[in-house]
Each structure stands twice: as C-alpha cells, then as structure tokens.
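Input: a single structure, listed below in structure tokens.
The values are calculated or read from the model by the stated rules, or taken from the named source; none is laboratory data. This one's a predicted model, so the numbers in the text were calculated from it and none came from an experiment. Cβ: placed from backbone, ideal geometry, glycine included. Neighbour counts: every protein chain shown.
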Amino acid sequence: MNDSIKITRGPSQSESSPSRSRRRAEQLLAARAERLAQEVDPVDERAELDWLTFWVSKQLFGVPLAQAHSVVRLEKIVALPGAPSYVPGLVRVQRKFIVLIDLRELLFGDGRGISDVTKIVAARAGDRVLGLAVSDLHDVIPLAEAQIAGAHLAQDGLSRAVFIEGESVALLDLNALGRDPRLTTIVKLDRAETPAAPRAG
C-alpha cells in the first residue's frame, strides 16, 4: 500500500460526513468480512501488516486488521454488577453479547468513562472476541513488520508505541490482551445467557 499516511488530531465534532480515511477503513473491513464469508483464507507473505487505527479520546490505538471482525455503532450496554471500571458491561454484536473494554481506563486508569464513545471495534483476542470502546475510526495503516518488532513495548506487555508523523500510536497485542489476568475471568461472561436489562450507551 503506497498511500501517504496523514494523521489528524482527534475526532472532530463538526464533521458532517465521514472522512476519506474513515471510509477507506470501513471499506477494507467490509472487504475482509466478504472474504471471510466466502471462506477464503489467503496467506499474506508481505513484509507489511495492515493496522486498523482508531481514536479513544485523543489517543490513537491500532489493532491488526486481520483480527478486526467488525465495527458497529454503540447503542446499548448491559451493566455487569461488580465488574471493574474498565468493563462498562456487555454489548450485542452480530447476535452475541461480548465484553466491552474501556482501553483508556484499562491501560491508563484515567477514570473519564466512555461518554465520548460512539463505536465498538469487535476484535479477536485469543479465543475470544472483545468489544473495544472507540471514539471514532481513523484509518488503515500499513506498517513494516520490522518497525513493529522494534517499537517500544509497554510495561504491561499489551501494546507497542510507534510514532507516525510525530503522533503516537499504541499498537495492541490482542492475544496478550486476551490473556491479561484482569480480563480472563470477566471475558467468560460472553458465554452467559442473554442478559435482560439493557441500558442506553
């Protein structure tokens, strides 16, 4: 992919239509979903990997595009009594309830909640699909495997920080996230029976 990478700061509240990069991200996700539906599993031997990037407030995160299942609008959250602050509850994605993760609270503990969250990125983390609370989509960015391997690993082992045009992007290790002891008990709730008391997101 030879497109130049242009990163803008934060999701704009004044935008009346999706940006070109956001549309491109959604189109690539749709194309991947179509390939999965046709049971096509091509082996990608390129030196670059595509990352779906998204905003959580003013922080950019990225997940491997190959592990991103879908992006849906956040509508309702089913509260989980006793759940930690980084798990707002369960959300329904493609007829199944999955655990919603507040990355900002999990990784930084800033306590701001998810009032600015508008979307959910459903992504595979090990043998689970987790919902990541997202303010807005950003782009799909190709990164060289060597660049990823050489990036600084966070102390918790869940992300690597890369800098693109001076902007920090936290690349999530979804498999490590799925094994994180803070989530291993909580994520079992996505196998529970359908909860009955949704609340507005």
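Within region 79-94, identify whether any single residue is farther than 21 Å from THR185 by Cα and touching a residue at least 40 places away in the same chain (Cβ under 8 Å), and answer yes or no.
Checked region 79-94: no residue is farther than 21 Å from THR185 by Cα and touching a residue at least 40 places away in the same chain (Cβ under 8 Å).
Just checking, does region 153-165 include any residue being at positive phi and in a loop (DSSP other than H, G, I, E, B)?
yes
The conditions are (1) assigned to a helix (DSSP H, G or I); (2) among the small types (Gly, Ala, Ser); (3) modelled with pLDDT of 85 or more, and ALA31 fails exactly one of them. Which is it?
(3)
Kindly indicate which of ASP116, ASP139 is of a type in the set (D, E, K, R), touching a helix residue (DSSP H, G or I) at 6+ places or on another chain (Cβ under 6 Å), touching a residue at least 40 places away in the same chain (Cβ under 8 Å) and farther than 22 Å from LEU183 by Cα.
Just one listed residue meets the conditions, ASP139.
Would you call ALA154 in contact (Cβ under 8 Å) with a residue 24 or more places away in the chain, over 12 Å from the mean Cα position of the chain (by Cα) and closer than 19 Å to GLY62 by Cβ?
yes
May I ask you to list the residues in region 90-113 that are over 13 Å from LEU183 (Cβ atoms) and either touching a Lys or Arg at 6+ places or on another chain (Cβ under 8 Å) or among the basic types (Lys, Arg) (or both)?
VAL91, ARG92, ARG95, LYS96, ARG104, ASP110, ARG112
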